[in-house]
Every structure is written in structure tokens, then in C-alpha cells.
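Worksheet for the structure shown next.
Just so it is clear, none of the values below were taken in a lab; they were calculated from the coordinates. Owing to the predicted nature of the structure, the values given are computational and were not obtained by experimental measurement. When we count neighbours, we look across all protein chains shown, and the Cβ atoms used for this are built from the backbone with ideal geometry, even at glycine.
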Amino acid sequence: MVSAPAEDTLPPAPEHYFNDYAAVVPKDVAERLEAKLRAFDEQTSNQVVVAVFPELPSPSLEDFTVRTAQSWQVGRKKLSNGVVLFVFIKDRKMRIEVGYGLEGALPDAVANQIIRDVIGPRFRQGDYAGGLEAGVDAVIAATRGEYKAEPARTPARREQSPVP
């Protein structure tokens, strides 16, 4: 019998909403985030799960997070209203996977902006707890339709003379 390579092994579905497998968040913050995410699920039926890993166990971030999110089946089955925020500390990578039922409220552009502008700056300062708290708040606000994304940055328009 041939066993699958380690990179094909997906982590088991988490038992909690907030899962810090890398031990980078103080216990009180982890408990506060767990309570916030549980209350959000109870109020809205939208499920948000955070999974913080020491490192990415696969060469492909997207492949690993998509397959893991599908395996975990976060959200209500008929509504597909789950979100998973994946963080890989040593690799300095993050990704937000969004169920089809929430893609209108949390499209890829907004998810990427939350990573880039909300979580990333705090992580760069070593503030994992603050980054995750702010990120969770932004994801919750987005799924409620309350998160206001910054307008896309566009280059300044140059004055052009009319073509003769």
C-alpha cells in the first residue's frame, strides 16, 4: 500500500472558531476571538473560522487553502456561508477562503484588501493578536455589509492635448 505524500494530508476540521496552532496569540485574546466568532455565528448563521499555522505544509498556498476549506465545510451546507482566514506564520502568507453564499459581501478584492491593509501592517510589527482581531472585525463587518473598502488607487491623470 502506498501512502500519500505529507503535502496531500489535510488538517482535520477544527473544533473551534479560532485556532492558533502556532501559539502566537495570548490566551485571553484567543478566548475573546472565539467568543466573538461564536456570537457572530449565532446572530447571523455565517461562520468565520481562523486557522493560524506555524508554516504552510504545501508548495501551493491556493491549492492547500481551497482543498482544506472544502474539506472543513465551514458554514451552513445549503447556504455555503462560511469564511476561513488562513495564516502561515513562518511563510508570512495569508489567504481568506469565502463560501459562495458570502462572495457578494466578501469578494476576493475585499478579502485581499483586508489582508493587505488591515492584518498585514500589524503582523509586520509583530502584533499577531492585533492583526487577527482587526482582521476578524473586518471580515465580520464585510459579511454584514458594513466594511467599507478603500477605493482602488489609480494613477493621477495627466493633462492631454487633443489629437489634431
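Take the eigenvalues of the Cα gyration tensor for region 13-143, scale each by 5, and report the square roots as semi-axes in whole Å, largest first.
20, 17, 15
Report, in debye and to the nearest 20, how large the dipole of region 1-128 comes out about its Cα centre when Lys and Arg carry +1 and Asp and Glu carry -1 on their Cβ.
200
Return the FRET efficiency for the residue pair Q125, E34: r is the Cβ-Cβ distance, R0 is 25 Å, and the value is rounded to the nearest 0.05.
0.60
Could you tell me the largest-minus-smallest coordinate of the C-alpha atoms of region 60-127 on each of the three principal axes, in descending order and whole angstroms?
40, 23, 18
At 0.36 nm per residue, and after removing the present C-alpha to C-alpha distance, how many nm does the segment from L61 to L79 gain when stretched out fully?
3.9 nm is the gain from fully extending L61 to L79.
Once you keep just the Cα pairs under 8 angstrom separated by 6 or more residues, what percentage relative contact order results for region 13-143?
In percent, rounded to a whole number, it is 22.
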